[in-house]
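Heads up, the thing below is written out as C-alpha cells.
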Amino acid sequence: MKAIRVEHIGGPEVLQLVDVPIPQAKAAEAVVKVNVAGVNSIDTQFRDGRLRTPVPFIPGHEGAGVITAVGPQVKAVRGGDRVAWSGTLGSYAEYVAAPEEHLVPVPHSITDDQATAAMVHGLTAHYLVNDAHKLKAGETALVHAAAGGVGLLVVQMAHAIGARVIGTASSDEKAQLAREAGADAVIIFTRQDFEAEVKRLTAGKGVDVVYDGVGKATFEKNLNVMRLRGMLVLYGMSSGAVPPVDPAKLSEKGSLYMARTTLAHFTATREELLARTSALFAMIADGRLHMRIAKKYPLADAAQSHRDLEGRHFAGKLLLVP
Amino acid sequence: MKAIQVKQVGGPEAMQMVDLPVPEPKSNEAVIKLAASGVNFIDVYYREGRYKAPVPLIPGQEGAGEVVAVGRDVTSVKNGERVAWTAALGCYAEYAAVAADRLVRIPPGVSDQQAAATMLQGMTAHYLLYDTFPLKRGDTALVHAAAGGVGLLLVQMAHEIGARIIATVSTEEKAKLARGAGADEVILYTQQDFEAETKRLTDGKGVDVVYDSVGKTTFEKGLNLLRPRGMMVLFGGSSGAVPPFDPIILTQKGSLYLTRPSLGNYIATREELVSRSGAVFGMIAAGKLKLRIEHTYPLAEAQRAHRDLEGRKTTGKLLLIP
C-alpha cells in the first residue's frame with residue numbers, strides 16, 4: 001500500500017511516499033481502509049522530534065474510513081463499518097491497523113471529511129469547553145488561534161453556550177472567519193498587543209478562562225489577562241514549549257489555575273470517547289457545528305500540507321486523501 | 001508600646017523586642033489593642049526574607065483585640081468592639097493600626113484567642129475546601145502536614161464534608177491528632193514512602209486533590225498521586241519553594257490542574273471576607289471546629305515561638321500574647 005513514512009526526524013521533506021505491506025490486525029485491532037486522514041499540529045511535532053516515537057514511523061493520528069478486517073478478539077466493530085478514529089499512529093496511509101477502542105461509528109448524516117475534522121480538533125474543542133474548564137453563559141473566554149482547527153470549533157461552541165468570546169488571529173481574513181464563527185471581538189495580534197487589548201475589552205478585569213494551544217509565545221501575557229482565580233487551559237504548543245513555570249507566579253498573578261491537557265485523558269474510556277463523538281456528530285449533522293475544511297491534498301503531498309500548516313497559511317482543517 | 005521588630009532579615013534572632021509609639025489611625029483605619037496574635041509559617045518567610053517587605057518590619061499577619069481608636073472616615077467599627085483581622089504585617093505588637101474594611105467583628109461564642117487562632121488558618125482551610133477545589137462527599141484528598149495549624153482545621157472540615165482523607169505527618173503524636181481530627185488514613189512519612197502508601201490505599205487510582213503546604217519535598221510525588229484531571233493545590237512551602245518546572249509534566253501525569261492560591265485572593269472583597277470569616281466563626285461557635293491552642297508565648301518570646309514552629313515541634317496553633 002502507499003504510505004507516508006518518516007525515516008529520520010526533520011522538516012516537511014522527511015515525509016516520503018513509500019510502498020509498504022498492508023498492516024495485519026492484531027487480536028484486538030481492526031484494519032481500516034483510510035478514506036481521509038487528518039493533518040494535525042501534533043503530527044509536525046512527531047515529525048520534527050519535539051515529541052518522541054521510534055523511527056521509521058508512519059505519521060498521522062486521525063482519519064475516517066471503512067473496516068476491511070478485524071482481529072479475533074474484536075467485539076465493538078465489524079467489517080464494512082464506517083468509522084473514524086484519533087490516537088492511532090499510522091494514519092497517513094491507504095490502510096491503518098487501529099485498536100478497536102479507538103474506532104467510533106460514523107453516522108450517515110455526516111461526511112468522511114466532517115468526521116475526520118471532528119476527531120482530534122472536535123474532541124479537543126469539546127473537552128476544553130465542557131470539562132477542562134466548563135464554560136458558562138456570561139463568562140468571557142480568550143481563545144487564541146481563533147481561526148485555527150481547534151480555535152474555530154471552540155469559538156462556535158463557546159458562542160453557543162452564551163459566553164463572550166475574545167479571539168486572537170494573525171490576519172484580517174482569519175479574524176473575519178473567527179467573527180463569523182461567533183467571536184465577539186478578534187484581536188489581530190500581529191498588529192496589536194493582545195494583553196493591552198484584552199484588558200481594555202474587559203475594563204481591566206480580565207477574562208474568566210484562556211484556551212491556549214499556542215504555548216510559548218502567549219504564556220506570560222496570558223497570566224496578565226485573567227481575572228482573579230481565573231483558569232488557563234494550555235492544550236498545545238504550536239509556537240513552542242512553555243519554558244519552566246514558577247508556581248509562585250500563579251499566586252502573584254491572582255491565585256490562578258493552570259491545566260496542561262491532552263486529549264487522551266479526556267477520552268480515556270470508550271464510554272467517554274463515544275459520548276463526545278456522538279455529541280459532536282449530532283452537532284455537525286444538524287448544522288450547529290460547522291467544520292471548515294481548508295484544503296485537501298493527495299497523500300503524496302503530505303510534505304506540502306505540513307509546510308502549509310506550519311506556515312499558518314490556511315484557516316481550517318487540512319486533510320490528506322490516500 | 002512593646003513590639004517585635006526585624007531590622008535585618010534572618011533567623012529567629014532577627015526578631016528583637018523594641019519600644020515604639022502607639023500608632024495613630026489614618027482616616028480609614030482603626031487601632032486595636034491586641035489580645036492575641038497568631039503565629040503562622042508566613043511570618044517565618046517574611047522574617048527570613050523569602051517573602052519581601054521593607055525593613056524594619058513588625059511580623060505577624062493575624063490578630064484579635066479591642067478597638068481603641070478609629071480614623072475620621074471609619075463607620076464600620078466603634079471603640080470597644082471586639083474585632084479580628086488578617087492583614088499585611090504588624091501583629092506582633094501591643095497595638096496595631098488596620099484598615100477598617102479588613103476588620104471583622106468577633107461574634108459571641110468565639111473568644112479573642114480563638115479568633116486570633118483562626119483568621120488566617122481557618123479562612124485558609126475554608127477557601128481551600130470550599131472554593132479552590134470544592135471538596136465533595138466521596139472525594140479522596142491527600143493532606144500534608146495534617147497536624148499543623150492549617151492541617152488540623154483542614155482535616156476537620158474535610159471530614160465534615162464527607163471526603164476520605166489521607167494525611168501525612170512526621171510523628172506518632174501527630175498521627176494521633178490527625179486521626180482525632182477525622183483523617184481516615186495517616187501516613188508517617190518519616191517511616192514510609194507516602195507515595196507508595198497512598199497508591200496502595202487508593203488501589204493505584206490516586207487521589208482527587210492534594211492540599212500541599214510543604215512544597216519542595218512533596219510536590220513531585222503529589223503529582224504522581226493525582227488521578228487523571230486531578231488538582232494539585234500548592235498553598236505553602238514549609239520545606240522550601242517548589243522550583244520552576246516544565247508544565248508538560250502536568251500533561252504527562254494526567255492532564256492535571258495546578259494552582260498556587262493565597263488567602264488574599266479569596267478575601268479580596270469585604271463581602272467575601274465577612275462571609276468567609278463568618279463561616280469559620282460559625283463552625284467554632286457551633287462546636288464543629290475544635291482548636292488546639294496548646295502553645296501560647298508572651299510577646300517577648302517570639303524567637304522561641306519561631307524556633308518551635310520551624311523545628312516542627314508544635315501541633316495546632318501558636319499564639320503570642322502581648
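The values are calculated or read from the model by the stated rules, or taken from the named source; none is laboratory data. Remember, it's a predicted structure, so these values are computed and weren't measured experimentally. Quick reminder, even Gly has a Cβ in these numbers, built from the backbone with ideal geometry, and neighbours come from all protein chains shown.
Among the residues of the range B:234-280, which ones are among the charged types (D, E, K, R) and either facing chain A (nearest Cβ under 10 Å) or under 18 Å from the mean Cα position of the chain (by Cα) (or both)?
First, pick out the residues of the range B:234-280 that are among the charged types (D, E, K, R): B:246, B:253, B:260, B:270-272, B:276.
Those that are among the charged types (D, E, K, R) and either facing chain A (nearest Cβ under 10 Å) or under 18 Å from the mean Cα position of the chain (by Cα) (or both): B:D246, B:K253, B:R260, B:E272, B:R276.
What is the number of the single condition among (1) in contact with a helix residue (DSSP H, G or I) (Cβ under 8 Å, 6 or more places away or on another chain); (2) at pLDDT 95 or above; (3) more than 7 Å from chain A (Cβ to nearest Cβ) that B:G230 does not meet?
Going through the list (1) in contact with a helix residue (DSSP H, G or I) (Cβ under 8 Å, 6 or more places away or on another chain); (2) at pLDDT 95 or above; (3) more than 7 Å from chain A (Cβ to nearest Cβ), B:G230 breaks only (1).
Can A:A264 be described as away from chain B (no Cβ under 11 Å) and touching a residue at least 24 places away in the same chain (Cβ under 8 Å)? Reasoning before the result, please.
On the way: away from chain B (no Cβ under 11 Å): no; touching a residue at least 24 places away in the same chain (Cβ under 8 Å): yes.
No; evaluated as a whole, the condition is false for this residue.
Test A:A25 against the criterion of being touching a Leu at 6+ places or on another chain (Cβ under 8 Å), modelled with pLDDT of 95 or more and crowded, with 21+ Cβ neighbours inside 10 Å, and give yes or no.
Numbers: touching a Leu at 6+ places or on another chain (Cβ under 8 Å): no; modelled with pLDDT of 95 or more: yes; crowded, with 21+ Cβ neighbours inside 10 Å: yes.
Taking the combined requirement at face value, the residue does not satisfy it.
Any idea which of B:R229, B:R137 is assigned to a strand (DSSP E or B) and either outside the structural domain of B:F41 (by TED's automatic domain parsing) or loosely packed, with under 15 Cβ neighbours inside 10 Å (or both)?
Numbers: B:R137 fails: assigned to a strand (DSSP E or B).
Residue meeting the stated conditions: B:R229.
Suppose we filter the range B:298-310 for residues that are under 18 Å from the mean Cα position of the chain (by Cα) and either modelled with pLDDT under 95 or of a type outside the set (G, A, S) (or both); how many remain?
Step one: of the range B:298-310, the residues under 18 Å from the mean Cα position of the chain (by Cα) are B:302, B:305-310.
Narrowing further to those that are either modelled with pLDDT under 95 or of a type outside the set (G, A, S) (or both): B:306-310.
Qualifying residue count for the region: 5.
Within the range B:84-99, does at least one residue satisfy the condition of being in the same structural domain as B:V55 (by TED's automatic domain parsing), buried (at least 18 other Cβ atoms within 10 Å of the Cβ), under 30 Å from B:L226 (Cβ atoms) and touching a strand residue (DSSP E or B) at 6+ places or on another chain (Cβ under 6 Å)?
There is at least one residue in the range B:84-99 that is in the same structural domain as B:V55 (by TED's automatic domain parsing), buried (at least 18 other Cβ atoms within 10 Å of the Cβ), under 30 Å from B:L226 (Cβ atoms) and touching a strand residue (DSSP E or B) at 6+ places or on another chain (Cβ under 6 Å).
Please list, ordered by residue number, the strands (runs of 3 or more DSSP E) wholly in the range A:137-235 having 1 or more residues that are of a type outside the set (A, V, I, L, M). Explain how you work it out, then say what you get.
Numbers: elements: A:140-143, A:164-169, A:185-188, A:207-212, A:226-234.
Per the criteria, A:140-143, A:164-169, A:207-212, A:226-234.
Of everything in the range B:304-322, what is under 27 Å from B:S239 (Cα atoms) and crowded, with 18+ Cβ neighbours inside 10 Å? Give them in sequence order. Can you show your working first?
Applying the first criterion (under 27 Å from B:S239 (Cα atoms)) to the range B:304-322 yields B:304-320.
Across the range B:304-322, the qualifying residues are B:A305, B:H306, B:L309, B:T314, B:T315, B:G316, B:K317, B:L318, B:L319, B:L320.
Between A:T190, A:T168, A:T140, A:T116, which is surrounded by fewer than 16 Cβ atoms within 10 Å (Cβ to Cβ), more than 14 Å from every other protein chain (Cβ to nearest Cβ) and of a type in the set (V, I, T)?
On the way: A:T168 fails: surrounded by fewer than 16 Cβ atoms within 10 Å (Cβ to Cβ); A:T140 fails: surrounded by fewer than 16 Cβ atoms within 10 Å (Cβ to Cβ); A:T116 fails: surrounded by fewer than 16 Cβ atoms within 10 Å (Cβ to Cβ).
Answer to the selection: A:T190.
Taking the criterion of being among the hydroxyl-bearing types (S, T, Y) and within 14 Å of chain A (Cβ to nearest Cβ), would at least one residue in the range B:301-318 satisfy it? Let's see the steps before the verdict.
Of the residues in the range B:301-318, the ones among the hydroxyl-bearing types (S, T, Y) are B:314-315.
This time we only want the ones that are within 14 Å of chain A (Cβ to nearest Cβ), so: none.
No, the range B:301-318 has no match at all.
List the pairs whose first member sits in the range A:230-252 and is touching a residue at least 60 places away in the same chain (Cβ under 8 Å), whose second member is part of a strand (DSSP E or B), and whose Cβ atoms are under 6 Å apart, counting only residues at least 6 apart or on separate chains?
That search, which allows pairs on different chains as well, returns A:M231/A:V209; A:M231/A:Y257; A:V233/A:Y211; A:V233/A:A259.
Could you say whether any residue in the range A:75-89 is within 20 Å of A:N40 (Cβ to Cβ), touching a residue at least 60 places away in the same chain (Cβ under 8 Å) and not hydroxyl-bearing (S, T, Y)? Walk me through how you get there before you give the answer.
Pass one, the range A:75-89, residues within 20 Å of A:N40 (Cβ to Cβ): A:83-89.
The next check asks that each one be touching a residue at least 60 places away in the same chain (Cβ under 8 Å); those that pass are A:84, A:86-87.
Then drop every residue that is not not hydroxyl-bearing (S, T, Y), which leaves A:84, A:87.
Checked against the condition, which is being within 20 Å of A:N40 (Cβ to Cβ), touching a residue at least 60 places away in the same chain (Cβ under 8 Å) and not hydroxyl-bearing (S, T, Y), the range A:75-89 yields at least one hit.
Looking only at the range B:135-143, decide whether some residue is of a type in the set (S, T, N, Q) and under 19 Å from B:E62 (Cβ atoms).
Taking the range B:135-143 as the starting set, the residues that turn out to be of a type in the set (S, T, N, Q) are B:140.
Within this subset, residues satisfying the condition of being under 19 Å from B:E62 (Cβ atoms) are none.
Among the residues of the range B:135-143, not one is of a type in the set (S, T, N, Q) and under 19 Å from B:E62 (Cβ atoms), which makes the answer no.
Enumerate the pairs (first residue in the range B:139-159 and farther than 16 Å from B:L309 by Cβ; second residue anywhere and of a type in the set (K, R)) with beta-carbon separation below 7 Å, excluding pairs fewer than 6 apart on the same chain, so at least 6 apart or on different chains.
Going by the 7 Å Cβ cut-off, the qualifying pairs are B:T140/B:R164; B:Q156/B:K290.
Are any residues in the range A:242-255 within 7 Å of chain B (Cβ to nearest Cβ), of a type outside the set (S, T, N, Q) and assigned to a loop (DSSP other than H, G, I, E, B), and if so, which ones?
So the first thing to find is which residues in the range A:242-255 are within 7 Å of chain B (Cβ to nearest Cβ), and the list is A:242, A:244-248, A:250-251, A:254-255.
Retained after the next criterion (residues that are of a type outside the set (S, T, N, Q)): A:242, A:244-248, A:250, A:254.
Across the range A:242-255, the qualifying residues are A:V242, A:P244, A:D246, A:G254.
Assess whether A:V209 counts as being more than 9 Å from every other protein chain (Cβ to nearest Cβ) and within 23 Å of the chain's Cα centre (by Cα). Write out each step before concluding.
On the way: more than 9 Å from every other protein chain (Cβ to nearest Cβ): yes; within 23 Å of the chain's Cα centre (by Cα): yes.
So A:V209 passes the test.
Quick check: is even one residue across the range B:241-259 hydrophobic (A, V, I, L, M, F, W, C), part of a loop (DSSP other than H, G, I, E, B) and surrounded by fewer than 23 Cβ atoms within 10 Å (Cβ to Cβ)? Break it down into steps so the answer makes sense when it comes.
Filtering the range B:241-259 for residues hydrophobic (A, V, I, L, M, F, W, C) gives B:241-242, B:245, B:248-250, B:256, B:258.
Filter once more, so that each one left must be part of a loop (DSSP other than H, G, I, E, B): B:241-242, B:256.
Cutting the leftovers down to surrounded by fewer than 23 Cβ atoms within 10 Å (Cβ to Cβ) gives us B:241.
Scanning the range B:241-259 turns up at least one residue that is hydrophobic (A, V, I, L, M, F, W, C), part of a loop (DSSP other than H, G, I, E, B) and surrounded by fewer than 23 Cβ atoms within 10 Å (Cβ to Cβ).
So, in the range A:223-249, exactly how many residues are within 24 Å of A:V150 (Cβ to Cβ) and either within 20 Å of the chain's Cα centre (by Cα) or among the hydrophobic types (A, V, I, L, M, F, W, C) (or both)? Walk me through how you get there before you give the answer.
Filtering the range A:223-249 for residues within 24 Å of A:V150 (Cβ to Cβ) gives A:223-227, A:230-243, A:245.
Subsequent filtering for residues that are either within 20 Å of the chain's Cα centre (by Cα) or among the hydrophobic types (A, V, I, L, M, F, W, C) (or both) retains A:223, A:225-226, A:231-242, A:245.
Qualifying residue count, the range A:223-249: 16.
Please verify whether B:Q16 is surrounded by fewer than 16 Cβ atoms within 10 Å (Cβ to Cβ), in the same structural domain as B:A99 (by TED's automatic domain parsing) and part of a strand (DSSP E or B), treating the condition exactly as stated.
Numbers: surrounded by fewer than 16 Cβ atoms within 10 Å (Cβ to Cβ): yes; in the same structural domain as B:A99 (by TED's automatic domain parsing): yes; part of a strand (DSSP E or B): yes.
Yes: the conditions hold for B:Q16.
Is it the case, given these coordinates, that B:R200 is modelled with pLDDT of 95 or more, under 22 Å from A:T261 (Cα atoms) and of a type in the set (D, E, K, R)? Break it down stepwise before answering.
Numbers: modelled with pLDDT of 95 or more: yes; under 22 Å from A:T261 (Cα atoms): no; of a type in the set (D, E, K, R): yes.
The answer is no for B:R200.
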